[in-house]
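The values are calculated or read from the model by the stated rules, or taken from the named source; none is laboratory data. Note that the structure is a prediction, hence the values are computed from the model and not measured. We place every Cβ from the backbone using ideal geometry, glycine too, and count neighbours over all the protein chains shown. Surface areas here come from the heavy atoms of the whole protein model, side chains and all, with no ligands, DNA or RNA. Shrake-Rupley method; radii C 1.70, N 1.55, O 1.52, S 1.80 Å.
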Amino acid sequence: MSSSGVRAEVPGDGAYMQTFMDEIFRAFRRPEQRRWAHAYLWALIHVPGKKTPRRMALAEPLPPAAAHGLHRFINASPWEWTPVRRRLARRVAALTTPHAWTVAELIIPKRGEHSVGVHRRLDPVTGRTVNCQRALVLFLVSGTQCYPVDWSLVLGGAWDSDQERRRRARVPGSEAGRTPADHVVGYAAGVAGRPRLAGLPWVLDLTRCDDAAGVLAGLARQRADVVCEVPPDHPVLLAGQHTPAVAEVGALMESRHARQTHVLLRQGPDGRVRPVPVHTYAGTVMAPRPGPGDDVGVRPYRVLERPDPDGRRPARYWLTTLTDRRVEEVLRLARSHAAALSAVTALGRGFGVLDFEGRSFPGWHHHMTMVSAAYVYQRLPGAAEGATGGATAPPEAPPRARTPPAVALTGVLD
């Protein structure tokens, strides 16, 4: 990106935003990259409506010609997104007390077929076939907040076999054939080297996952603790037998003598407190070995069942390695995933997660990284107090270009 031309002023949020920018985008060596990052971040936060370069450039005091620079910053500037995401996670960990990781899936409707990763897919929420991108977002959970700190674009079909299409979209060879399970296990492998974050449990919804056993096996290899919701037909091995027997978790919990009942108190929307029964299997189970000689199945899991209090919906089941934790604590962790789904909705409504218009793999990751940065900036403790807002002394802004260029949401890893 050229640094020539007239500079436009971009408002800031005072010292807080500058501190945030200096920390998160420290790896940007070129001044113009930092300036355009500041402009893009500011626009994602402050510009209402659709978050495209052309739409964001209509906001004061950015000139319309800034659309060209914003577009190039996302789609052409060769910056690495992984260091930025790592710094986001590090800042969240420094300013909060994280207690879990969780992953949510996002279906991004698209027109046409040229954007990277676009394909036709059945949306399990609506039951309709949609033309879309399929993404996974990794959240670091602290209290009631979920902070998006990593992204994956799930490719498949023609995107695995059409080399020319992959070349045009600049898809790296390492992305070929990666399933949602592979991405989740890859997240865990990446976290394993971070001392402060490696020991946090993984809270996942695997109820419609094609390879739930593979996810559990991959996390077991990382020695990661889990709280995973599974379907009633998910197989487990009964421990304590010479020849372990295979059972489905739903059938396992039907036997009254094999389960223990815990009564929890929950306050309803009407303010009334009522008892809610939760069942746990009296012993522990193991996960079936995914392959010969694979010893990941020896890890013990606890089974939890939560019947619907009104009897209108099927019971829900979880497997957890946290066998020494209280039932209340495990279920509290399980609610992290519902909080992540709410965060994804907020990302779509206010931060432009559905609005990327480029066609390249790096451009998609750049945009999602900036969306994460904007969301984390807004939701971290101290953001409201640290931001001066309103009339502030504007920092140096991006160079002004001379001419401008001519949800669907699901909560599973299926």
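For beta carbons closer than 8 Å, sequence separation of 6+ or different chains, a first residue in the range 29-45 that is under 15 Å from His68 (Cβ atoms) and at pLDDT 90 or above and a second that is open to solvent by 30 Å² or more (accessible area, probe 1.4 Å) and acidic (Asp, Glu), the qualifying pairs are Arg35/Glu396. Here the condition is being within 17 Å of Tyr375 (Cβ to Cβ) and modelled with pLDDT under 90; of Met17, Met56, Met21, it holds for Met17 alone.
Any residue that is touching a His at 6+ places or on another chain (Cβ under 6 Å), closer than 30 Å to Val278 by Cβ and either surrounded by 18 or more Cβ atoms within 10 Å (Cβ to Cβ) or not small (Gly, Ala, Ser) (or both) - is there at least one of those in the range 314-332? Taking every residue of the range 314-332 in turn, at least one turns out to be touching a His at 6+ places or on another chain (Cβ under 6 Å), closer than 30 Å to Val278 by Cβ and either surrounded by 18 or more Cβ atoms within 10 Å (Cβ to Cβ) or not small (Gly, Ala, Ser) (or both). Quick one: which helices (runs of 4 or more DSSP H) lie wholly within the range 323-414 and hold at least 2 residues that are at pLDDT 95 or above, in contact with a helix residue (DSSP H, G or I) (Cβ under 6 Å, 6 or more places away or on another chain) and under 30 Å from Arg134 (Cβ atoms)? Per the criteria, 361-379. Scanning the range 62-81 turns up no residue that is in contact with an Asp or Glu (Cβ under 7 Å, 6 or more places away or on another chain), modelled with pLDDT under 95 and farther than 17 Å from Glu175 by Cβ. Which residues, taken from the range 139-192, are closer than 25 Å to Arg91 by Cβ and either in contact with a His (Cβ under 7 Å, 6 or more places away or on another chain) or part of a loop (DSSP other than H, G, I, E, B) (or both)? Those that are closer than 25 Å to Arg91 by Cβ and either in contact with a His (Cβ under 7 Å, 6 or more places away or on another chain) or part of a loop (DSSP other than H, G, I, E, B) (or both): Val141, Ser142, Gly143, Thr144, Trp151, Ser152, Ala192. A single member of Ala251, Ala258 is modelled with pLDDT of 90 or more and either over 18 Å from Ala287 (Cα atoms) or small (Gly, Ala, Ser) (or both), and it is Ala251. Do we have any residue at all in the range 110-128 that's within 26 Å of Gln378 (Cβ to Cβ), open to solvent by less than 20 Å² (accessible area, probe 1.4 Å) and in contact with a Phe, Trp or Tyr (Cβ under 9 Å, 6 or more places away or on another chain)? So far as the range 110-128 goes, no, none of its residues is within 26 Å of Gln378 (Cβ to Cβ), open to solvent by less than 20 Å² (accessible area, probe 1.4 Å) and in contact with a Phe, Trp or Tyr (Cβ under 9 Å, 6 or more places away or on another chain). Taking the criterion of being open to solvent by less than 40 Å² (accessible area, probe 1.4 Å) and either closer than 27 Å to Asp205 by Cβ or out of contact with any helix residue (DSSP H, G or I) (no Cβ under 8 Å at 6 or more places or on another chain) (or both), the residues of the range 151-177 that qualify are Trp151, Ser152, Leu153, Val154, Leu155, Gly156, Trp159, Glu175. For the range 335-371, a residue qualifies if it is open to solvent by 20 Å² or more (accessible area, probe 1.4 Å) and closer than 30 Å to Ala251 by Cα, and the qualifying residues are Arg335, Ala338, Ala339, Leu341. Would a scan of the range 197-208 turn up a residue that is over 19 Å from the mean Cα position of the chain (by Cα) and farther than 21 Å from Leu155 by Cβ? Within the range 197-208 (the criterion being over 19 Å from the mean Cα position of the chain (by Cα) and farther than 21 Å from Leu155 by Cβ), the answer is no, since none of the residues qualifies. A search for C-beta distances below 7 Å between a residue of the range 168-192 that is on the phi > 0 side of the Ramachandran plot and any residue that is open to solvent by 30 Å² or more (accessible area, probe 1.4 Å), counting only pairs 6+ apart in sequence or on different chains, returns Gly177/Asp160.
Apart from one condition, Ile108 fits all of (1) closer than 22 Å to Leu204 by Cα; (2) more than 17 Å from the chain's Cα centre (by Cα); the exception is (2).
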